[in-house]
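The block underneath contains the structure these notes are about, expressed in structure tokens.
The values are calculated or read from the model by the stated rules, or taken from the named source; none is laboratory data. This structure is a prediction, so every number in the text was calculated from the model and none was measured. Note: ideal-geometry Cβ built from the backbone for every residue, glycine included; neighbour counts use all protein chains shown.
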Amino acid sequence: MKTIHAAPTKRKIAVDGVLVTAFDLQTAVNRAEPGDVVRLIAGVYRKPVTISFGGAPGAQITVTGPAPREGEAVLDGGREEKDGLEGGFFPTDGDWAFVKMTGASHVTFERLCVRNCWPHAFYIRQCADLAFRDIDAEGGRRLIYARSGRRVPTRGLLLERIKWVQDPERTMWRGETRWREVKQEKGFADKSWFNGGLLESFDIEGDVVIRDCDISHAFNGIRMDIRAEAVTDGPDGPVVKRNRDVRIYRNRFSYIRDNAVEPERGLNGWLIAGNAFYEVHATLSLDAVTIVNLAFVGNAILNVSRPADTSNTGGKIIKFLDVNDAGPVRVSVGFVCAFNSARTRTRYISDAKVKPWTDVNNALERFAATDKDDADLFSKVVWRPGVVGDALTTNDPKHPDANAAQGAPFRRWPRVDPVFAPVALAPGDDAPLGGWDGTLTLSNGAQALTAIAVDVVGPDGTVVGIAAGGAPGWRSAAQLGLLHWLDGHVA
């Protein structure tokens, strides 16, 4: 293993009292072999690079910034927001990226800053076993865009300890950039350069871990799409060949104007656990998705205020197919939503044609009615067979009786008001989670209730049975017995 030094331009630098050559970044990367480290000195790097090779199992090529207190290595694309329109929703090899990787594998990027990289900093195609960690990023339609080739899939991505602020000026949540502009609706300016996410992917195989990241002031958090032909009908139920084994945990999402987590078309074996969501328009979007085993467990959600916009500000926790959408309700097998806590001005589910899922042991508190919001958990929901609802602890005065009259299959459960103890906030949209610590403490009344037993299917297809006992609402992965699905797995 050797260390290759990189600088914004080729130069001599002193390392341990010895002068060595620091190459430009492209040259430094090209000289790397399996097990080598490309170490960037502090400075601003403005020339994009391409990588079409990589390391080997157990011998990653590592591209790393300086050690702490030695300054920052900044990848600065020098691009503007309008450049984020390049490539649209499905960028290809010819579109701009600071780092382009095609056919690369076993490469790690760490301790880097990313600025002004529109539409994205990293473009990945036909790659495997890549890691991105300890990255501080601002701007960009996406930080990372990953796609498969027709014959060679992309798989094995690890994102950890990444801080990404898509909209540093906070224009989306403050209403200066409108939802309809980002969505390119007719009659509105085109600001779709925000319509991306920390990770956006198309038709990748899977094996993705996203953990301990902080995503804020963004239109979307994570969005992963697949081709229609990746979803088929098998003799024992739906078969989803892409978007497999995705684990999203211990992340913080705040001021998300549209969807925090959004699989598209299909998913197989997803775990979303231990995350904190603050001021998120929609936490989990599943509107036209075929589901095979999705566990949404142990998450905390706090929604206090509406975005300052004139439309699309209602929000919800789970987004299903809109009641006015003529498309079919996709098949859902093994979707469990359990042991989550939410104190929210939004509804749980609204304007939706739901698909089968198991919803148990959740704690949801609605704020009192305001001029625009009411205290109902559900509104305009088309209920379908296959929904199992139980042990929902809430202050909704219509639950369960009035909701049951509309078809909601939740059995009778004591109403509790309040559900949570008061939440301490140190408001400020620059603070992580807006100053919230990511916890919701059950009230005495809620703590007196007892959770029921539930089985959860993990990304690997194994089943964890969670016994009855304790209170409903948020629990840690350790308390739920799910740690082997988290840190025991490395992409």
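Of the residues 172, 101, only one is touching a Cys at 6+ places or on another chain (Cβ under 6 Å) and crowded, with 21+ Cβ neighbours inside 10 Å; which? Give the steps one after another, and end with the answer.
On the way: 172 fails: touching a Cys at 6+ places or on another chain (Cβ under 6 Å).
Going through 172, 101 in turn, the sole match is 101.
Return only the number of the condition from (1) part of a strand (DSSP E or B); (2) touching a residue at least 24 places away in the same chain (Cβ under 8 Å) that residue 232 does not satisfy.
With respect to (1) part of a strand (DSSP E or B); (2) touching a residue at least 24 places away in the same chain (Cβ under 8 Å), residue 232 is out only on (2).
From the list 336, 329, pick out the single residue that is surrounded by fewer than 22 Cβ atoms within 10 Å (Cβ to Cβ), at negative phi and modelled with pLDDT of 95 or more. Talk me through it step by step, then tell me what you get.
Values: 329 fails: modelled with pLDDT of 95 or more.
Exactly one residue qualifies, and that residue is 336.
Mind checking which pairs have a first residue in the stretch 330-344 that is more than 13 Å from residue 266 (Cα to Cα) and of a type in the set (S, T, N, Q) and a second that is crowded, with 23+ Cβ neighbours inside 10 Å and at pLDDT below 95, Cβ under 7 Å, 6 or more apart or different chains?
Partner pairs satisfying both residue conditions: 344/366.
Conditions tested, residue by residue: (1) surrounded by fewer than 17 Cβ atoms within 10 Å (Cβ to Cβ); (2) under 20 Å from residue 158 (Cβ atoms); (3) modelled with pLDDT under 95.
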residue: 78; (1), (2), (3): yes, no, no
residue: 92; (1), (2), (3): yes, no, yes
residue: 96; (1), (2), (3): no, no, no
residue: 105; (1), (2), (3): no, yes, no
residue: 108; (1), (2), (3): no, yes, no
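Of all residues in the stretch 175-221, which are under 13 Å from the mean Cα position of the chain (by Cα), surrounded by fewer than 23 Cβ atoms within 10 Å (Cβ to Cβ) and in a loop (DSSP other than H, G, I, E, B)?
The one that is under 13 Å from the mean Cα position of the chain (by Cα), surrounded by fewer than 23 Cβ atoms within 10 Å (Cβ to Cβ) and in a loop (DSSP other than H, G, I, E, B): 212.
Quick check on my filter: what residues within the stretch 43-57 are surrounded by 15 or more Cβ atoms within 10 Å (Cβ to Cβ) and either at pLDDT 95 or above or touching a strand residue (DSSP E or B) at 6+ places or on another chain (Cβ under 7 Å) (or both)? Working first, answer last.
Taking the stretch 43-57 as the starting set, the residues that turn out to be surrounded by 15 or more Cβ atoms within 10 Å (Cβ to Cβ) are 43, 45-46, 48-51, 53-55.
Once the filter is applied, which keeps residues that are surrounded by 15 or more Cβ atoms within 10 Å (Cβ to Cβ) and either at pLDDT 95 or above or touching a strand residue (DSSP E or B) at 6+ places or on another chain (Cβ under 7 Å) (or both), the stretch 43-57 yields 43, 45, 46, 48, 49, 50, 51, 54, 55.
Which of the residues belonging to the stretch 116-141 are part of a strand (DSSP E or B) and either modelled with pLDDT under 95 or within 13 Å of residue 95 (Cα to Cα) (or both)?
Hits for the stretch 116-141 are 120, 121, 122, 123, 124, 125.
I want to confirm something. Restricting to the stretch 377-407 and keeping residues that are touching a helix residue (DSSP H, G or I) at 6+ places or on another chain (Cβ under 8 Å) and either in a loop (DSSP other than H, G, I, E, B) or charged (D, E, K, R) (or both), which single residue is surrounded by the most Cβ atoms within 10 Å (Cβ to Cβ)?
377
Taking only the stretch 434-461 into account, find how many residues are modelled with pLDDT of 95 or more, out of contact with any Gly (no Cβ under 6 Å at 6 or more places or on another chain) and over 20 Å from residue 250 (Cα atoms).
11
Within the stretch 256-285, can you find the residues that are of a type in the set (Ser, Thr, Tyr) and either modelled with pLDDT under 95 or in contact with a helix residue (DSSP H, G or I) (Cβ under 7 Å, 6 or more places away or on another chain) (or both)? Talk me through it step by step, then tell me what you get.
First, pick out the residues of the stretch 256-285 that are of a type in the set (Ser, Thr, Tyr): 278, 283, 285.
278, the sole residue that qualifies.
Go through the stretch 35-84 residue by residue and tally those that are at positive phi and among the charged types (D, E, K, R).
1
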